[in-house]
Amino acid sequence: MTSATEPAEPLSVEQLSATTLLRFATAGSVDDGKSTLVGRLLHDSKSVLTDQLEAVERVSADRGQDTPDLALLTDGLRAEREQGITIDVAYRYFATARRRFILADTPGHVQYTRNMVTGASTADLAVVLVDARNGVIEQTRRHAAVAALLRVPHVVLAVNKMDLVDYRESVFAAIAEEFTAYASELGVPEITAIPISALAGDNVVEPSANMDWYGGRTVLEHLETVPVSHDLAHCHARLPVQYVIRPQTAEHPDYRGYAGQIAAGTFRVGESVTVLPSGRTSKVAGIDLLGTPVDIAWTPQSVTLLLADDIDVSRGDLLVPSKDAPPTTQDVEATVCHVADQPLTVGHRVLLKHGTRTVKAIVKDIPSRLTLDDLSLHPHPGRLAANDIGRVKIRTAEPLPLDSYADSRRTGAFILIDPSDGTTLTAGMVGESFAAPQPVKDEGDDDGWDF
């Protein structure tokens, strides 16, 4: 299959390997044109295959539309196409000469907040769409709140449908000012506003001839150039152990390596490390990367660490620098988004999965529930329903080494699982949220606890 619209020369494996990866999510209210923006981005960046475009043209023609409905490139579910909305999270992969992309097209409806949380949880950037005719509405503020809650470092405000307001700069400026003020109050570190028309293609991939008053980058240019690298020297180095490698062969009779993907930071040969939660210490004797010994490795590489001492390390343990070890605890306070239809209640017995470790736990308290519309807190709701965001206190059967989510989005996150069927119940973020409630005094009554 060939790419539509006369594609450029395909990128080689070497070129793709040399480019950086950006994970980004999109969100917008009903009829803001989010799926059209994603479709336009894929189409104009020559990332659409010929047969995909032909299928979209055929469906559009059947509906009596004169031009292809690019939203159909992402709205793949039958219910989405029939209703003209996004329901599930759709992931798309594409690349340019400057960067590789993983795009999470998330739904904007309030009843699908959990889907947006899923898509944005690993994003380096979030694109929030606003209809230029409607401006900032409650749903827009909700999307900004979710992005702030998930500590997404970069937010793009895409003011869409500028063609329907005659490309007026004053309309764009007013919306950008209102949104920037609100998102800044929530703690979003970087906000970039771009006026676009997804339907016409203005400022999506190519600069708009209709908005000569705008001198900034297009959406694709911004996605290609926004910084995503992190200063590894200031990261907390963390390696969740996924597998213990012991070949016990004639060639490697005493080989014992601890394999996993580095969640954050950098590991070096000779560095003193601690195994958590046991607290045992050793030194890094070697690092294997794709079968080759190296002296240093960093996130997100998948490596095998060899230790100088023969100590007990198994799947679920966390290797950390001894000088930068997080505290271990059985009492977890976190902000959570409940994603299951079954409510989460006080006393609920669950499994807590943190990194590669899964332990038994019980919900000790639900101090508050957060309303994203106005950021108000409702104390002691007793339960969290689907799409609810709130604060929880959890007691685990075993100690866990937890970072604050504000310090590490990888090792500060966890999920709660239903032990009866393995269903994911809740996504959690350790520590305070942007709108943390006042501390709630414990009742001091642990009757019924068995750990």
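The values are calculated or read from the model by the stated rules, or taken from the named source; none is laboratory data. None of these values were measured; they are calculated from a predicted model. Note that each Cβ is placed from the backbone with ideal geometry, even for glycine, and that neighbours are counted across all protein chains shown. Calculation scope for accessible area: heavy atoms of the full protein, side chains included, ligands and nucleic acids excluded. Shrake-Rupley method; radii C 1.70, N 1.55, O 1.52, S 1.80 Å.
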Regarding the range 278-294, can at least one residue be identified that is out of contact with any helix residue (DSSP H, G or I) (no Cβ under 7 Å at 6 or more places or on another chain), more than 23 Å from ARG410 (Cα to Cα) and of a type in the set (Val, Ile, Thr)?
yes
Which pairs do you get when a residue that is closer than 22 Å to THR426 by Cα and without any contact (Cβ under 8 Å) to a residue 40 or more places away in the chain, found in the range 113-129, comes within reach of a residue that is open to solvent by 10 Å² or more (accessible area, probe 1.4 Å) and not acidic (Asp, Glu), reach meaning Cβ atoms under 7 angstrom, with the pair 6+ apart or on two chains?
ASN115/VAL89
Within the range 92-101, identify whether any single residue is surrounded by 23 or more Cβ atoms within 10 Å (Cβ to Cβ), in the same structural domain as THR218 (by the TED database), of a type outside the set (A, V, I, L, M, F, W, C) and at pLDDT 80 or above, and answer yes or no.
no
Check on VAL117, of a type outside the set (Phe, Trp, Tyr), touching a strand residue (DSSP E or B) at 6+ places or on another chain (Cβ under 6 Å), modelled with pLDDT of 90 or more and surrounded by 14 or more Cβ atoms within 10 Å (Cβ to Cβ):
no
In the range 268-291, which residues are free of Cβ contacts under 8 Å to residues at least 40 places away in the same chain and either among the acidic types (Asp, Glu) or part of a strand (DSSP E or B) (or both)?
ARG268, ARG280, SER282, LYS283, VAL284, ALA285, GLY286, ILE287, ASP288, LEU289
Would you please name the residue that is farthest from PHE101 (Cα to Cα), looking only at residues in the range 217-229 that are surrounded by 13 or more Cβ atoms within 10 Å (Cβ to Cβ) and not aliphatic (A, V, I, L, M)?
ARG217
Considering each residue of the range 405-431, count those that are among the small types (Gly, Ala, Ser) and open to solvent by less than 40 Å² (accessible area, probe 1.4 Å), and give that number.
6
Quick one: in the range 5-41, of everything that is in contact with a Lys or Arg (Cβ under 7 Å, 6 or more places away or on another chain) and surrounded by fewer than 23 Cβ atoms within 10 Å (Cβ to Cβ), which residue is modelled with the highest pLDDT?
LEU22
Identify the residue in the range 156-179 that is buried (at least 17 other Cβ atoms within 10 Å of the Cβ) and not aliphatic (A, V, I, L, M) and, among all such residues, is nearest to LEU129 (Cα to Cα).
ASN160
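Residues checked against (1) of a type in the set (A, V, I, L, M, F, W, C); (2) farther than 27 Å from ARG100 by Cα:
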residue: ASP124; (1), (2): no, no
residue: ALA132; (1), (2): yes, yes
residue: VAL146; (1), (2): yes, no
residue: ASP163; (1), (2): no, yes
residue: PHE179; (1), (2): yes, yes
Can you work out which of the residues in the range 258-273 that are within 10 Å of LEU307 (Cα to Cα) and under 30 Å from the mean Cα position of the chain (by Cα) is surrounded by the fewest Cβ atoms within 10 Å (Cβ to Cβ)?
TYR258
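Each row is one residue, and each column tells you yes or no for (1) polar (S, T, N, Q); (2) in a loop (DSSP other than H, G, I, E, B); (3) at positive phi.
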position: ARG114; (1), (2), (3): no, no, no
position: THR118; (1), (2), (3): yes, no, no
position: HIS143; (1), (2), (3): no, no, no
position: ARG151; (1), (2), (3): no, yes, yes
position: ALA158; (1), (2), (3): no, no, no
position: LEU164; (1), (2), (3): no, no, no
position: VAL171; (1), (2), (3): no, no, no
position: GLU178; (1), (2), (3): no, no, no
Residues located in the range 239-257, provided they are under 29 Å from the mean Cα position of the chain (by Cα) and outside any strand (DSSP E or B)
VAL241, GLN242
Pairs, please: C-beta under 9 Å, at least 6 apart or cross-chain, first residue over 23 Å from SER170 (Cα atoms) and outside any helix (DSSP H, G or I) and in the range 212-228, second of a type in the set (Val, Ile, Thr) and open to solvent by less than 30 Å² (accessible area, probe 1.4 Å)?
VAL226/VAL156
Pull out all pairs, ordered by first then second residue, where Cβ-Cβ is under 6 Å, the residues are six or more apart or on different chains, the first lies in the range 329-351 and is under 12 Å from LEU416 (Cα atoms) and at pLDDT 95 or above, and the second is outside any loop (DSSP other than H, G, I, E, B) and among the hydroxyl-bearing types (Ser, Thr, Tyr).
LEU344/THR426; LEU351/THR358
